[in-house]
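Report on the structure given below.
The values are calculated or read from the model by the stated rules, or taken from the named source; none is laboratory data. Nothing here was measured: the structure is a model prediction, and the numbers come from that model. Note: ideal-geometry Cβ built from the backbone for every residue, glycine included; neighbour counts use all protein chains shown. Surface areas here come from the heavy atoms of the whole protein model, side chains and all, with no ligands, DNA or RNA. Shrake-Rupley method; radii C 1.70, N 1.55, O 1.52, S 1.80 Å.
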Amino acid sequence: MLQFDRVTLDSGSEVLRQRVRDFIADNQHHMPQPNSDFVTGHDSEFSAKLGEQGWIGMTWPSEFGGGEQSNFERLVVTEELLAAGAPVSAHWIADRQSGPLLLRFGTPEQRERYLPGIASGQSYFSIGMSEPDTGSDLASVRTTAVAEGDAYRINGTKIWTTDAHRNHYIICLVRTEAPSENRHAGFSQIIVDLKNDGAKVRPISNMAGGEDFNEVVFEDVLVPKDRIVGEPGNGWQQVTSELAYERSGPERFLSAFRVFVEMVRICGDKPSPHQAAAIGRLASHFTTLRRMSISVAGMLEQGKDVGVEAALVKELGNNFEKVLPEVARLVVPDLSQLDPVKHKLFRDTFEETLLLSPSFTLRGGTREILRGVIARGLGLR
Amino acid sequence: MDTRQLIIDTAEKIFTDHCQKSLLDAAEQGAFPQDLWDKIVENGFHQIGSCGSGTEAADLYAFLKVCGRFSVPLPMAEVLLSNQWLATGVTASKTDFASIGRRNGDSINQVPWGRKATKVLGVVADSNKVLVMDTPSVNDTGSNLAGEAHDTFLLAGTEREIEVEESPFAQMALARTNLMAGGLQAALDLGLQFASERSQFGRSISKFQAVQHSLAVVAAEVAAAQRAADAAVDALGTDRFIDEVSASKARVGEAVGIVAEQVHQVHGAMGFTYEHRLHHFTRRLWAWRDEWGNEFYWQAKLGSRLAAMGADKVWGYIATRG
C-alpha cells in the first residue's frame with residue numbers, strides 16, 4: 001500500500017524559512033514579474049547570491065561545497081523561492097539533478113571538479129536525454145559515443161534541451177555500445193562542455209514565446225575519456241534513478257502558484273460564494289500536495305526508495321497545476337474586460353502560465369509514463 | 001505495538017469476520033446489526049476516544065477509517081462523538097447509544113439509526129451548542145442514498161442544551177472525512193482485485209494500459225485523501241482546526257467523485273449489480289460527501305478565510321509546519 005506518512009517540519013526549518021523570506025524581501029528587484037514556474041526566470045546573478053547563502057547543493061557534503069543539511073531544509077528553501085516567483089532556472093537542473101547524479105555515480109575527480117561550481121550558483125547544467133526520435137522511450141536514444149584512444153567521439157542530436165545556449169555543461173545519455181537484445185544495455189552518461197567542446201546549439205522557440213529550448217548537435221565532438229559519469233555501460237540505471245530525484249519536489253505543484261495569488265487579490269476581501277469556493281478548492285489541493293511532498297522528503301531522508309510515491313505526487317501535482325488556471329479564469333466573467341492597469345498582473349500571470357501549462361505534464365516524465373510507474377507500484381504490470 | 005495499531009488490527013479482524021455483504025444487505029432492509037454491535041461493545045470499540053478509556057481522539061478517527069473501509073452499518077461516528085460531547089464517560093452500552101443529526105428548525109433530521117438510539121443530539125452549523133433529547137421518540141424513519149437508516153425527530157420542547165468545546169459540526173465533517181478515506185481505500189482495493197481477476201480478450205484486464213491508468217488515477221486520489229484526512233485529525237485542538245477540516249472534507253469529497261466513477265468503470269456491469277459489494281462502498285461515499293457540508297460549503301468557508309487574510313498572506317497559510 002502506498003503510504004504518505006505524517007511528517008512535521010522541525011523548528012530549525014522554520015528559522016531557515018524566515019531567513020529565506022527576508023532574503024526574498026531584500027531581492028525583489030530580481031523578480032519584477034514573479035513566476036513560480038521553475039523554468040522561467042534565468043538570473044545568474046540571483047543564482048550566485050543563492051550560492052553565497054548556501055542554498056544550492058544544500059544536502060551535499062561540505063567537501064564539495066555542500067551544506068550537509070536535510071531534505072526538509074532543502075524543501076523549505078525550494079518552496080519559498082518558487083512561491084515568491086523567484087528566478088531560479090539558471091541553477092535549477094544542476095542543483096536538483098546533475099549534482100546529485102554526480103554525487104551518487106560520479107568519479108571522485110568529477111565530484112571535485114564540478115560540484116563546488118554548482119553549489120556556488122555559477123555552474124549550470126542541461127539534461128541531454130530527448131532526441132528527435134526519442135521522447136518517452138528513452139531506450140531508443142541513438143546518439144553514440146565511441147571510444148578512440150583517450151577520448152570519446154560523439155555523434156547525434158539532443159533536442160528540447162532547456163537552456164543549452166546559456167548553460168555550461170550537458171550530461172548526455174549516449175550509446176557507448178551497439179544495440180543488443182537487452183535494449184537497456186550499452187548506455188552511458190557523458191559530460192559535454194557546451195562552451196568549449198564544439199557542440200552546435202540552435203534555439204527552438206516555444207509556444208509561450210520562451211526561448212529556453214534548444215537543439216544540440218554533436219558532429220564528431222571529441223571529449224576526454226574521464227567525462228563518462230561513473231562506469232561506462234551504467235547509463236540506464238543512472239538515468240532512471242536521476243529521474244526519480246526530480247519528481248516529487250514543490251516545483252511539481254507550485255508552477256502556477258502566482259496565478260493563485262493574483263486570483264485571490266482580484267477577488268478581494270469579500271469574495272462572492274463562487275470566488276470563495278474557487279479559492280478554497282485550490283487551497284485544499286495546495287495544502288494536501290505540499291504535505292505529500294514533505295512525506296516524500298521524509299522518505300528520502302530515511303534513504304527509502306521513493307520511485308512510486310514521487311511519481312504519484314508528480315501526477316497529482318502536474319494535473320493540479322493545469323487545473324489551477326482553468327479555475328482562476330472563471331472567478332471573473334470576462335478576462336478581456338478587466339481593468340488593463342489595475343488587473344494587469346492577474347491577466348499577465350494567467351496568460352503566461354496557461355501558455356506554459358502544456359509542458360507541465362510532459363517535462364520530467366509524461367503523465368502516461370508516470371501512470372505506468374504508479375501502476376507498476378500497484379502490482380498491475 | 002502502539003494502541004492505535006492494536007485498535008486498527010483488532011477492528012480489521014472483527015469486521016472481516018462479522019461485517020460481510022449479507023449483513024450490509026440486511027441492514028439496508030432495516031435490520032439493526034445487533035450481533036455486530038455486541039461485538040463492538042465487547043471489544044470496547046464503543047468507547048474509543050472517551051475520557052478514561054486510555055485512547056485519544058486521533059484513535060477515534062483512525063477507527064472510523066477502518067469502519068469506512070468495511071462499510072460498518074452502525075452509527076460509530078455518532079456513538080463515539082456523543083460519548084465525548086456528553087462528557088459523562090462512556091454513555092454507550094449493549095442496550096444504549098446516542099446518535100447525532102442535523103438540527104433544522106423544530107426538528108433533528110438525518111439521525112443514523114435514530115430509531116434505535118436512546119439519546120439523540122442535534123447539531124447546527126457555526127454553533128458550539130448541541131441540543132440533547134434524553135427521551136427521543138422517532139417521528140419519521142428513512143434512509144440516505146446508501147440505504148443507511150436516517151431518521152427524523154421533532155423537538156418536544158423538553159430538550160437540554162450542552163456546549164461543546166470544538167465545533168461539533170466540524171467534528172462531524174471530520175468523522176465523515178475519515179469514513180470516506182476508509183471507503184476510498186476499499187474502492188481502490190476492490191478495483192485492483194477485480195482487475196487482476198477479470199479476463200477479457202484472453203488476458204487479465206489489469207494488463208490493459210487504459211485500465212492501469214484508471215487505477216493509477218484512483219490510487220493518486222486515494223493517497224491524497226488519506227493525507228488530507230490525517231492532516232485535519234492532526235489539527236484537533238489547534239486554532240487551524242476548522243480550516244483544516246474545511247480543506248480536508250473538500251479535498252476528500254472531490255476524490256470521491258473521481259474514484260467512484262473510475263472504479264465502477266473498471267468493474268463493468270458486474271459492479272453495477274446489487275449482488276456485487278462495490279455499491280455498498282460507492283453509495284456511502286456519494287452520501288457522505290454531501291453530509292455535514294459538501295465540497296462547495298467547505299471550500300467557500302476556507303476561501304472566505306483566505307480572502308480575508310489577503311493575497312500576500314496565502315502562502316504563509318499554506319506553508320504550515322504540520
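A few comments on the model shown:
- Environment charge of A:TRP160, counting only residues whose C-beta is closer than 14 Å and scoring Lys/Arg +1, Asp/Glu -1: -3
- The smallest convex shape that holds all Cα atoms of segment A:19-96, its convex hull, gives 79 Å³ per residue.
- Computed on chain A, with alpha-carbon pairs under 8 angstrom and 6+ residues apart, the relative contact order is 16 percent.
- Sorted largest first, extent of segment A:247-377 alpha carbons per principal axis (Å): 50, 26, 21
- Neighbourhood net charge (11 Å Cβ-Cβ; Lys/Arg +1, Asp/Glu -1) for B:THR141: 0
- Per-residue Karplus couplings for segment B:32-40, computed as 6.51 cos²θ - 1.76 cosθ + 1.60 with θ equal to phi - 60°, are listed in order as 5, x, 4, 4, 5, 4, 4, 4, 5 Hz, Gly and Pro entered as x.
- Segment A:247-377, relative contact order in percent, only Cα pairs under 8 angstrom and at least six apart counted: 40
- Averaged over the residues of peptide A:71-83, the number of Cβ atoms from other protein chains lying within 10 Å of each residue's Cβ is 1.
- For segment B:1-115, the Rg and Dmax computed from alpha carbons only, in angstrom: 14.0, 48
- A 1.4 Å probe over all protein chains sorts A:GLU109, A:GLU326 by accessible area into A:GLU109, A:GLU326, starting with the largest.
- Note on chain A: the alpha carbon radius of gyration divided by the globular reference 2.2 N^0.38 Å gives 1.00.
- For segment B:168-318, the C-alpha radius of gyration divided by 2.2 N^0.38 Å, with N the number of residues, is 1.18.
- Gap separating the Cα centres of segment A:1-70 and segment A:183-229, nearest whole Å: 28
- One decimal place: the segment B:ARG277-B:ASP126 gains 50.7 nm when fully extended, by the rule 0.36 nm per residue minus the C-alpha distance.
- Between B:SER22 and B:GLU163, the FRET efficiency from the beta-carbon distance, with R0 = 51 Å, is close to 0.75.
- Bridging of B:LYS207 to lysines at a Cα separation below 16 Å is possible for none of them, once same-chain residues fewer than 8 apart are set aside.
- Structure note, pairs A:LYS304/B:LYS301; B:LYS65/B:LYS119; B:LYS21/B:LYS94; B:LYS21/B:LYS116; A:LYS49/A:LYS344; B:LYS39/B:LYS65: Cα-Cα distances above 27 angstrom occur for A:LYS304/B:LYS301; A:LYS49/A:LYS344.
- Local electrostatic count, B:LEU6, Cβ distance below 13 Å [Lys/Arg +1, Asp/Glu -1]: -2
- Cβ-derived FRET efficiency at R0 56 Å, A:ALA151 paired with A:ASP334, nearest 0.05: 0.35
- Selection from A:THR240, A:VAL327, A:GLY65, by position along the positive dipole direction of the protein assembly as shown (Cβ): A:VAL327
- In loop segments of segment A:245-311 as defined by DSSP, the trypsin sites (Lys or Arg not before Pro) with at most 11 further C-beta atoms inside 10 Å of their C-beta are A:LYS304.
- Sum of -39500 (n - 2.57) over DSSP H runs of 4+, divided by residues of chain A (222 nm, nearest 500): -13500 deg cm²/dmol
- Dividing the Cα radius of gyration of the protein assembly as shown by 2.2 N^0.38 Å, with N the residue count, gives 1.06.
- Computed from phi, the 3J(HN,Hα) profile of segment A:211-224 under the Karplus parametrisation 6.51, -1.76, 1.60 (θ = phi - 60°) reads 10, 9, 6, 8, 10, 10, 9, 10, 10, 6, 7, 9, 10, x Hz, with x in place of Gly and Pro.
- The calculated FRET efficiency for the pair A:ALA185 and B:GLN209, based on their C-beta separation and a Förster distance of 22 Å, comes to about 0.30.
- Relative frequency of Cα-Cα separations exceeding 21 Å in segment A:35-167, percent: 48
- Kirkwood analysis of segment A:207-266, using all unique Cα-Cα pairs, places the hydrodynamic radius at 16.3 Å.
- Note on A:VAL217 and A:THR107: the model spin-label points, each 7 Å out from Cα along the C-beta direction, lie 3.1 nm apart.
- Annotation: lysines with alpha-carbon distance below 24 angstrom to A:LYS225 (same-chain offsets under eight excluded): A:LYS158, A:LYS195, A:LYS200.
- For A:GLY67, the residues 5 or more places off, or on other chains, whose built amide H falls under 5 Å of its own are A:MET58, A:THR59, A:TRP60.
- For chain B, the relative contact order is 15 percent, taking Cα pairs closer than 8 Å that sit 6 or more residues apart in sequence and dividing their mean separation by the residue count.
- Expressed as a whole percent, the accessible area of segment B:168-318 that falls on carbon and sulfur atoms is 55 (1.4 Å probe).
- When you work out D = kT/(6 pi eta Rh) for chain B at 37 °C and 0.692 mPa s, using the Kirkwood radius from C-alpha pairs as Rh and the Stokes-Einstein form, the result is 162 µm²/s.
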